[in-house]
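The values are calculated or read from the model by the stated rules, or taken from the named source; none is laboratory data. What you see is a predicted model, and the numbers here were worked out from it, not measured in a lab. Ideal geometry is used to build each Cβ from the backbone, glycine not excepted, and the neighbour counts take in all protein chains shown. Note: accessible area is taken over every heavy atom of the protein model, side chains too, but ligands, DNA and RNA are not part of it. Shrake-Rupley method; radii C 1.70, N 1.55, O 1.52, S 1.80 Å.
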Amino acid sequence: MRIAMIGTGYVGLVSGACFADFGHQVTCVDKDRNKIAALRRGEIPIFEPGLDALVASNVRAGRLAFSTELAGAVAEAEAVFIAVGTPSRRGDGHADLSYVHAAAREIATALAGFTVVITKSTVPVGTGDEVERLIRLTNPSADVAIASNPEFLREGAAIRDFKFPDRIVVGTSDDRARKVLGDIYRPLSLNQAPLMFTDRRTAELIKYAANAFLATKITFINEMADLSERVGADVQEVARGIGLDNRIGSKFLHAGPGFGGSCFPKDTRALVKIALDNDVQLRIIEAVLAVNDNRKRAMARKVSSAAGGNLRGKTVAVLGLTFKPDTDDMREAPSIALVTGLLDMGATVRAHDPAGMEQARRELPDIEYCDDPYLCARGADALVLVTEWVQFRALDLARLKRELAHPVVVDLRNIYRPKDMAALGFIYESIGRPSEPPK
Ligand SMILES: NC(=O)c1ccc[n+]([C@@H]2O[C@H](COP(=O)([O-])OP(=O)(O)OC[C@H]3O[C@@H](n4cnc5c(N)ncnc54)[C@H](O)[C@@H]3O)[C@@H](O)[C@H]2O)c1
């Protein structure tokens, strides 16, 4: 199968490389000349574990190529995936579909022979209809079918998620498109991945409903964490106690500083807007958004109170900036609101992240960046752990304590044990768990 992947970002590059690895012939297209030039030199523009080796081996095998020329790649392809960004539209929170629409128009002019155009980007219900309208308007004689195939991969585990998905959702009522997508994903049937066919609008809604449900689960346990702190319970035990119930499940029940990232915030906002446009109010999702926004900023107050209630003139060390470990993605990371809050309270902030510092500099230009966690801690009045990179789990805590001017640690991911931290003499605060006085 010959595939053109339009948009070579986190989703397009991983999907393109995995499809090539299945044996398909893939051209990944992007408007960003620097990105394509880097990929052609063998450099991977994002941090995603395993992606460099996967890209290199498929380029070597002649199955994966990169181009800025959409027309050539589309003309040769039997399937064209749209994997461009759909960020929040500035001002109103709707999904910004300008990149999807522009890609659809450009694809339309280049189509040759029967082609399936598939939206992989996360798009509001009805976008497939609009893509179809734009394509037929631009090129009335094109032999084309339009499908939806939302992507569920997680950054940091993207290749595994793509190759061993819980399910693949394909939305189309066109038999030829079903056959093409069935052929593209056939190699995954060996991994027993259920291929679910449905109509296009349902497929589009499934993606938003999935993200909104997961965001709700996180927010639910975050509120239970707040309550646990007040009543002297341990939210991790609460999560375990409810998660062992199969109807609930244990995943996504980790209390923390609030969800961020490239998908949950923008997709929950967009879903609320999609519903309002259709005269439906999604009160639960509205509450999730409001609770989560307040929470990120509240984390700065938590740090301030652990450090004695006043941060003016104090230095806070921040470990972890990306919205989760194993990615360099800073989009809507909780660290942004937290650090901004700390700066607003008069603190000096120093930070370290294993992969995200380059991207972070654009979001947070007014802080100092350190090359290692101990340097970051040196002389600081408090340390706050924001992203649970595995490196931070294995820190030499006694050394960390020696580096700090005051042994205050606020652990927003509950990666250390209160008992151990107290024994080491830390003033230790975590999320939704009782603190122990330092020994
Ligand atoms: N990042 C994730 O974890 C994830 C997971 C599931 C779904 N999604 C969805 O997938 C979509 C893409 O997300 P992403 O994180 O990969 O975005 P991204 O910003 O990393 O990549 C998008 C790429 O598309 C390119 N582009 C834009 N318009 C183009 C055009 N007309 N022609 C060619 N290239 C064009 C951009 O230059 C950019 O490189 C979004 O809708 C997102 O919601 C993302």
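Surface composition of segment 246-351: carbon and sulfur atoms hold 51% of the protein heavy-atom accessible area at a 1.4 Å probe.
Compute the Rg to Rh ratio over segment 30-108 from the alpha carbon atoms, using the Kirkwood formula for Rh, and round to two decimal places. Reported Rg/Rh (Cα atoms, Kirkwood Rh): 1.02. Give the lysines whose C-alpha is closer than 24 Å to that of Lys324, dropping any in the same chain fewer than 8 places away, or say none. Counting by Cα, and skipping residues close in sequence, Lys324 has these lysines nearby: Lys35, Lys120, Lys163, Lys207, Lys217, Lys251, Lys266, Lys296, Lys302. Peptides 207-216, 30-39 ranked from most to least packed give 207-216, 30-39, packing being the mean of other C-beta atoms within 10 angstrom over each peptide's residues.
To the nearest Å, what is the center-to-center distance of segment 164-224 and segment 45-96, using C-alpha atoms only? Answer, in whole Å: 19.
Note that segment 280-372 shows a convex hull volume over its alpha carbon atoms of 115 Å³ per residue. Probing with 1.4 Å while keeping every protein chain in the model, the per residue accessible area of segment 127-225 equals 46 Å². In plain terms, the chain from Asn310 to Glu237 could stretch by 23.1 nm, reckoned as 0.36 nm per residue minus the Cα-Cα distance. Once you measure Cβ to Cβ distances between cysteines in the chain, which Cys have no partner under 4.7 Å? So, Cys18, Cys28, Cys263. The Rg/Rh ratio for the chain is 1.01, where Rg is the radius of gyration of the alpha carbons and Rh is the Kirkwood radius. Of the beta bridges in the chain, as assigned by DSSP with both residues counted there, near 5 percent are antiparallel.
The equivalent ellipsoid that matches the C-alpha gyration tensor of segment 304-420 spans semi-axes of 19, 17, 12 angstrom, in descending order.
Only alpha carbons enter this Debye calculation for segment 157-276, each as an equal point scatterer, and the log10 of I(q)/I(0) it gives at q = 0.12, 0.13, 0.14 Å⁻¹ is -0.62, -0.71, -0.79. Applied to segment 42-47, the Karplus parametrisation 6.51 cos²θ - 1.76 cosθ + 1.60 on θ = phi - 60° returns per-residue 3J(HN,Hα) values of x, 9, 9, x, 10, 9 Hz, with x for Gly and Pro. For the pair Met196 and Asn278, label points projected 7 Å from Cα toward Cβ lie 1.6 nm apart.
Per the 1.4 Å probe, what fraction of the accessible area of segment 388-439, in percent, lies on carbon and sulfur atoms?
Numbers: 1330 of 2530 Å².
Here it works out to 53 percent.
With Rh defined as the Kirkwood radius, the inverse of the mean 1/r over Cα pairs, the Rg/Rh of segment 233-313 is 1.09.
Ordering of 232-238, 88-94 by packing is 232-238, 88-94, highest average first (other Cβ atoms within 10 Å, averaged per residue).
For a test of the definition: using alpha carbon positions, the gyration tensor, and the 1.5 limit on a/c, classify segment 389-439 as rounded, prolate or oblate. Since a/c reaches 1.5 but b/c is at least a/b, the shape of segment 389-439 is classed as oblate.
Extension gain, Glu368 to Glu436: 0.36 nm times the residue separation minus the Cα-Cα distance gives 21.4 nm. In a Debye calculation with equal point scatterers on the alpha-carbon sites of segment 98-165 and no solvent, what is log10 I(q)/I(0) at q = 0.15, 0.17, 0.18, 0.25 Å⁻¹? Here log10 of I(q) over I(0) equals -0.54, -0.65, -0.70, -1.02.
Modelled label positions at Asp166 and Arg41, each set 7 Å beyond Cα in the direction of Cβ, lie 4.0 nm from each other.
Whole-Hz Karplus values for segment 393-408 come out as 5, 9, 5, 7, 5, 5, 5, 4, 5, 5, 6, 6, 6, 10, x, 9 Hz, taken residue by residue from phi with 6.51 cos²θ - 1.76 cosθ + 1.60 and θ = phi - 60°; glycine and proline positions read x.
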